[in-house]
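All remarks here apply to the structure that follows.
The values are calculated or read from the model by the stated rules, or taken from the named source; none is laboratory data. Everything quoted here is computed from the prediction, not taken from an experiment. With ideal geometry, Cβ positions are generated from the backbone for all residues, glycine too; neighbour counts draw on all protein chains shown. Surface accessibility is based on the protein's heavy atoms, side chains included, excluding ligands, DNA and RNA. Shrake-Rupley method; radii C 1.70, N 1.55, O 1.52, S 1.80 Å.
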Amino acid sequence: MKIIALMTDFGDRDGYPGIMKGVIWSIAPNAQIADLTHQVEPQDILAGALTLARAWKYYPEGTVFVGVVDPGVGTGRRAIAARIGTRYFVGPDNGLLTISLEQAETAGEPVIIVQLDQAEFWLPNPSRSFHGRDIFAPVAAHIVNGAALEKLGTVMREPVRLTIPQPTATVGGWQAPILHVDHFGNLATGLQIEALEGQGCTIHFGDTEIPLVLTFGDRGPGSLVAMIDSSGYLAVCVVNGNAAQRLKAKVGDMIDIRYRPA
Amino acid sequence: MKIIALMTDFGDRDGYPGIMKGVIWSIAPNAQIADLTHQVEPQDILAGALTLARAWKYYPEGTVFVGVVDPGVGTGRRAIAARIGTRYFVGPDNGLLTISLEQAETAGEPVIIVQLDQAEFWLPNPSRSFHGRDIFAPVAAHIVNGAALEKLGTVMREPVRLTIPQPTATVGGWQAPILHVDHFGNLATGLQIEALEGQGCTIHFGDTEIPLVLTFGDRGPGSLVAMIDSSGYLAVCVVNGNAAQRLKAKVGDMIDIRYRPA
Amino acid sequence: MKIIALMTDFGDRDGYPGIMKGVIWSIAPNAQIADLTHQVEPQDILAGALTLARAWKYYPEGTVFVGVVDPGVGTGRRAIAARIGTRYFVGPDNGLLTISLEQAETAGEPVIIVQLDQAEFWLPNPSRSFHGRDIFAPVAAHIVNGAALEKLGTVMREPVRLTIPQPTATVGGWQAPILHVDHFGNLATGLQIEALEGQGCTIHFGDTEIPLVLTFGDRGPGSLVAMIDSSGYLAVCVVNGNAAQRLKAKVGDMIDIRYRPA
């Protein structure tokens, strides 16, 4: 099985991801291709990094992820491929892998990264504005065909890393920035369940106190709740509703977590 | 051939359907996966039920449909799998199968439904908010791998059923509620062609009389027409235009059908 | 390898493209299906023609493209299949192939077109409004199964052609209409790089002069630039921004190209 999963900010209107599929199948006819999403906000590298980090472990070993959120296309930014644990990643060297790399490093998984500099694995005469088609798709196809990373490029050690906004401990709890607002209006933070375990706490957004519950079923439809989401992080939601709209909340806004007095 | 067709209200932005694909391929590497749609309005079970009912018969026998429009995730609602005729369905027990079951019962096709209660066919430690990833995707993958429904759960008889708004006969015709507004703004009802055959009739929406035609070609672009749609039901359309916008019509509004005096 | 690439204006909400996939797999179980896009503006044949023309050469030989932007469904318009060079196309005869045909004719590639008139290759009782499901999808599946075009229909010579807005030479340069605005707000014209080579020139939109650059990296984020896009045509863009919004530009508006005095 040879899976390539695509994640871009190309949108679904113009056929750009479809063109990448044609390029892949021209080189690796038996590749199975999934669209992770093509609706990352244009140039939003953080959103792309989060999407990759949430998804990769659910894919089989050997899967190749192509992530193209690439505000630096046509500049001197490097193109890279990486093996992180047992999966592969291809894309611009701009921080898209930041969280996935941290996960692997925490888990002690091996990482190898190469700067893509072997043009014989690209389309001829690559354009300056569509590296997804001309460089990343063909490189991904060659990887599922068995090409070693070391043949595709030169080993390098320091990929670009984003500064991911982190939860910070306060005197009486935590402040956790909203990292992502999803399709349902759920507000995801980067505060892991372990930080809260064994502690009674209350959750606040501005002046609004939000009850911490185990599951949507603990409150009725329309209720504002805080809970641990399916990735293990604190999130604020409205049961069958939209918390982002209710709270007028957006990425970067702060969720306050206050421990209850013992 | 092992096909899994996904239908959710997850949207296309966050990668949730893509994560389900990774789970499926981790268990059933050769599954062919189709996206039916991920743009069902959040929590709109009726729209999901209509989408499944319009689609399943066009897929090969043995296809597994995963339908996740799931306002009750994290409550006590059951998870089910069903064989309806020769296709399979996996999802929450909340009425998503209502119309597909009616179609099978009308056709005299066999139906078996099980409550999913065998956790060895799920991902370990399933979350309380993403059963599409943790329960439904793995169960679908095990079905295409050949697992019998009876091994996945306990046979049950009474799945939850929606009350589907029905056309009602009037003294001089029918009243048919709009069930769905599609991408083109076409207004679909649940009134079947057989109810009208052999009867001259006029179609009305509020004060507007709408001619009943055989095909778009019977009127010029911009014309409001009523016709039998590609699923065999009465629909109101604008030729090369948008009837929902023209009439300010929405799901639940009534279309009146009046027989012509003989 | 048997690839079918779908391009429609059906949108992603109602499951129509998913139904076409079921039909295809019912006939050609091993077909690999790609979505080129289903977000062509309803009835916008020119946009569909551009999308096909930009994509087909990146797909393997033998790929079957199904293009359904079909304002004439249910009228007398013909249904066609074509082999253009080594790829196949199926859809309504309304001009969707105009640019792809021109490309093939310029390159001297062989073209054969048939009018689809052999109903045994369609679904039984085709509807009058969903030929994508009832005619085009099954015909595409039969083509990947090896059916010769001449068995599917009757050879014909004069498909409908669109009048594609062309760049026109002026005394001191060119006027090039905007043909497409993409997801990023980039404004694409039909003026090829060869028309500009060896000439110094300035680019104008209304009163705004726009510098011609080689690549996004030549200017900072937010800069308005003109460049040769990844298809070889003159385009106007904002680096990491949206030129359509910045200039309030739309399809049909004119880009002026003025040669510099020698």
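Here is how the numbers come out for the structure above:
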| item | result |
| --- | --- |
| B:Gly15 long-range amide H proximity, modeled H, under 5 Å | none |
| Occluded residues from segment A:35-69, i.e. those whose accessible area drops by 10 Å² or more once the chain is not alone (1.4 Å probe) | A:Asp35, A:Leu36, A:Thr37, A:Gln39, A:Pro42, A:Gln43, A:Thr51, A:Arg54, A:Ala55, A:Tyr58, A:Tyr59, A:Pro60 |
| Karplus-derived 3J(HN,Hα), 6.51/-1.76/1.60, for each residue of segment A:66-77, Hz, glycine and proline x | 10, x, 10, 10, 9, x, x, 4, x, 9, x, 4 |
| Sequence-distant residues sharing a close amide H with B:Gly241 (under 5 Å, placed H) | B:Gly222 |
| Accessible solvent surface per residue of the protein assembly as shown, calculated while the other protein chains remain in place, 1.4 angstrom probe, Å² | 39 |
| Selected from A:Ile27, A:Asn186, A:Asn125, residue furthest toward positive end of dipole (the protein assembly as shown; charges at beta carbon) | A:Ile27 |
| J(HN,Hα) series, segment B:140-157, from Karplus relation 6.51 cos²θ - 1.76 cosθ + 1.60, nearest Hz, glycine and proline x | 4, 5, 5, 5, 5, 7, x, 5, 6, 3, 5, 7, 7, x, 9, 4, 9, 10 |
| Size-normalised alpha-carbon gyration radius of the protein assembly as shown, reference 2.2 N^0.38 Å | 0.98 |
| Separation of the C:Asn125 and B:Glu209 label points, Cα + 7 Å toward Cβ, nm | 3.1 |
| Beta bridge orientation in chain B: antiparallel %, DSSP, nearest 5 | 75 |
| Theoretical FRET efficiency, 1/(1+(r/R0)^6), r = Cβ-Cβ of B:Ser223 and C:Asn145, R0 60 Å, to 0.05 | 0.95 |
| Among B:Val139, B:Ile80, B:Phe65 - extreme Cα towards positive end, dipole of chain B, charges at beta-carbon | B:Val139 |
| Antiparallel %, DSSP beta bridges [both residues in the protein assembly as shown], to 5 | 75 |
| Projected label distance in nm at A:Glu158 and A:Asn30, using a 7 Å step from Cα toward the beta-carbon | 4.2 |
| Dipole moment magnitude, nearest 20 debye, chain A about Cα centre, only Lys, Arg, Asp, Glu C-beta charged | 220 |
| Amide H within-cut-off set for C:Leu212, under 5 Å, with H built and near neighbours excluded | C:Ile203, C:Ala226 |
| Gyration tensor verdict on segment A:127-262 (Cα atoms; rounded if a/c is under 1.5, prolate if a/b is larger than b/c, oblate otherwise) | prolate |
| Kirkwood hydrodynamic radius over Cα pairs of segment A:147-225, then Stokes diffusion coefficient at 4 °C and 1.567 mPa s, in µm²/s | 80 |
| For peptides C:201-211, A:239-249, sequence by mean Cβ density within 10 Å, most packed first | A:239-249, C:201-211 |
| Counted charge near B:Gly18, where neighbours are those whose Cβ lies closer than 12 Å (Asp, Glu -1; Lys, Arg +1) | 0 |
| Rg ratio (alpha-carbon, reference 2.2 N^0.38 Å) - segment C:1-139 | 0.96 |
| Residues listed by number, segment B:83-121, amide nitrogen under 14 Å from B:Gln192 label point at 7 Å toward C-beta | B:99-109 |
| Signed unit charges on C-beta, dipole axis of segment C:127-258, positive-most listed residue C:Leu224, C:Val160, C:Gly172 | C:Val160 |
| Equivalent ellipsoid dimensions for chain A as semi-axes, Å, which come from the Cα gyration tensor, largest first | 38, 19, 16 |
| Computed E for B:Val171/C:Arg77 - FRET, C-beta separation, R0 51 angstrom, nearest 0.05 | 0.80 |
| Size of charge dipole - segment C:1-153 - debye, nearest 20, with Cβ of Lys, Arg +1 and Asp, Glu -1, no other charges | 260 |
| Electrostatic dipole magnitude of segment C:153-216 [Cβ: Lys, Arg +1; Asp, Glu -1; Cα centre; debye, to 20] | 280 |
| Shielded by partner chains, segment A:185-230 residues - at least 10 Å² of accessible area, 1.4 Å probe, vs chain alone | A:Leu214, A:Thr215, A:Phe216, A:Gly217, A:Met227, A:Ser230 |
| Nearest residue to the symmetry axis between C and B, taken on chain C by its Cβ, in whole Å | C:Asp12, 4 |
| Principal axes of segment A:218-260: Cα extent on each, largest first, Å | 25, 24, 23 |
| C/B buried area, accessible surface, summed, 1.4 Å probe, Å² | 2600 |
| Tensor-based shape of segment B:59-114 (alpha-carbon gyration tensor, a/c under 1.5 rounded, otherwise prolate or oblate) | prolate |
| Cβ-Cβ FRET estimate between C:Tyr259 and C:Glu109, R0 fixed at 45 Å, reported to 0.05 | 0.85 |
| Violating pairs (Cα-Cα greater than 24 angstrom) within the set B:Lys2/C:Lys2; A:Lys2/A:Lys57; A:Lys21/B:Lys2; B:Lys21/C:Lys2; B:Lys21/B:Lys250; A:Lys2/B:Lys151 | B:Lys21/B:Lys250; A:Lys2/B:Lys151 |
| Portion, in percent, of the accessible area of segment A:163-262 that falls on carbon or sulfur, probe 1.4 Å | 52 |
